[in-house]
Amino acid sequence: MGPEDAIPLILSALRLRNAAPDEAVRLFNGFYEGYPPLSIDRYGDTIVFQSFAKSGLDPVIQNALMKTFRADPTVSAILLKERFSKAQRERNGVFLFGEKGCERVREFGVSYPIRLTLNQDCSFYLDTALLRKHLIENSGGKTVLNTFAYTGSLGLAALAGGARKVVQTDLKPAFLEICESEAERMEARPNRHESVAADFFALTTAYRRAEKLFDIVLLDPPFFSLTGQGRVDQERSFIALINKARPLVADGGMLIVVNNALYLSGAALLSEIRSRLPIEYITPLPPIPVPESFTGGASAKLPADPAPFNHPTKILPLRVRRKDGRGTSE
């Protein structure tokens, strides 16, 4: 599809969904809606173009979109992320309009900090919106461990939902500083929120030896990473990650896993869980869907069928039973 044909398609999608001035939403998902080289997100007053074209965002499309969004008085900035650029700055984002992006958005009544140019992503994942909603609604009085926390939005959702204690852990301290500052802004007592900069494999081993247990453990790893302590590979060794996190879940607690491997089907993921984990101690619960707005309600030909999940971001709560019957240690 050429740029002239894509423009009406994109503009039509923009008319169908939008967000309140302080909210976040995907406005156009090109992979699902007919023009794969582009996605468009709104974060508060900032529009983010994410270009997946190796030659860069087509100037015809860019000009048409700039004209559209510059005419919107609620838009204060427009950011372009060239995902295949060799320059880190261009992958992280360059402002086409305005000088500063939105730094805070609201979702289901909870306010979150964001840093749109922190990385090539936007520091706040829109496909996990309903997981944050689930945590707001189901964390009251519970202890929560958020592994691979990044900027900590999942843990902050649990904290907003009344969690008794939230531990956020990530390898990079700079990411955790964002959620730590937000917990202070929320006036969460120090005994309710803790940030731990550590390698996932080392931390889970240390916590298991210390017999630490949590009511909810969140496992939302990157697609692939390799450290001196271990390997993360969502497509080939996801069960190994589950087995590292599972011993930290209290009896009757929940391990919520997120797998976004595009080439791993939903049926294959469930089959691995049911065949390689003890069925008497692990019970898959209904998946948490990705919001329809993330895809515009459209379907796409995918490398692997995500069903029974509604998107390759497969979010699955697992009910955990323990042979020793132990509850939380917090």
Review point. Is it true that Ala298 is modelled with pLDDT of 95 or more, assigned to a loop (DSSP other than H, G, I, E, B), in contact with a helix residue (DSSP H, G or I) (Cβ under 8 Å, 6 or more places away or on another chain) and farther than 24 Å from Asn138 by Cβ?
Key: no
Practice item. Specify the residue that is nearest to Val258 (Cα to Cα); the eligible residues are those in the stretch 290-330 that are free of Cβ contacts under 8 Å to residues at least 24 places away in the same chain and open to solvent by 70 Å² or more (accessible area, probe 1.4 Å). Key: Asn310
Revision key, fill the gap. Among the residues of the stretch 205-227, the number that are touching a residue at least 60 places away in the same chain (Cβ under 8 Å), open to solvent by 40 Å² or more (accessible area, probe 1.4 Å) and in contact with a strand residue (DSSP E or B) (Cβ under 7 Å, 6 or more places away or on another chain) is 1
Review point. Residues Gly230, Gly266: which one is free of Cβ contacts under 8 Å to residues at least 60 places away in the same chain, open to solvent by less than 50 Å² (accessible area, probe 1.4 Å) and farther than 20 Å from Asn146 by Cβ?
Key: Gly266
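Please verify whether Arg164 is in contact with a Ser or Thr (Cβ under 7 Å, 6 or more places away or on another chain) and open to solvent by 50 Å² or more (accessible area, probe 1.4 Å), treating the condition exactly as stated.
Numbers: in contact with a Ser or Thr (Cβ under 7 Å, 6 or more places away or on another chain): yes; open to solvent by 50 Å² or more (accessible area, probe 1.4 Å): yes.
Against the criterion (in contact with a Ser or Thr (Cβ under 7 Å, 6 or more places away or on another chain) and open to solvent by 50 Å² or more (accessible area, probe 1.4 Å)), Arg164 qualifies.
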Check your understanding: Could you list, in sequence order, the residues of the stretch 22-47 that are under 20 Å from Gly297 (Cα atoms), of a type in the set (A, V, I, L, M, F, W, C) and part of a strand (DSSP E or B)?
Key -> Ala24, Val25, Leu27, Phe28, Leu38, Ile40
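Can you name every residue in the stretch 158-193 that is over 22 Å from Thr204 (Cα atoms) and assigned to a helix (DSSP H, G or I)? Lay out the reasoning, then the answer.
Looking only at the stretch 158-193, we keep the residues that are over 22 Å from Thr204 (Cα atoms), and these are 160-162, 178, 181-189.
Selection gives Ala160, Ile178, Ser181, Glu182, Ala183, Glu184, Arg185.
The values are calculated or read from the model by the stated rules, or taken from the named source; none is laboratory data. The shown structure was predicted, so the numbers you read here are calculated from the model rather than taken from an experiment. Every residue, glycine as well, gets a Cβ built from its backbone with ideal geometry; the counts of neighbours run over all protein chains shown. All accessible areas refer to the heavy atoms of the entire protein, side chains included, with ligands and DNA or RNA removed. Shrake-Rupley method; radii C 1.70, N 1.55, O 1.52, S 1.80 Å.
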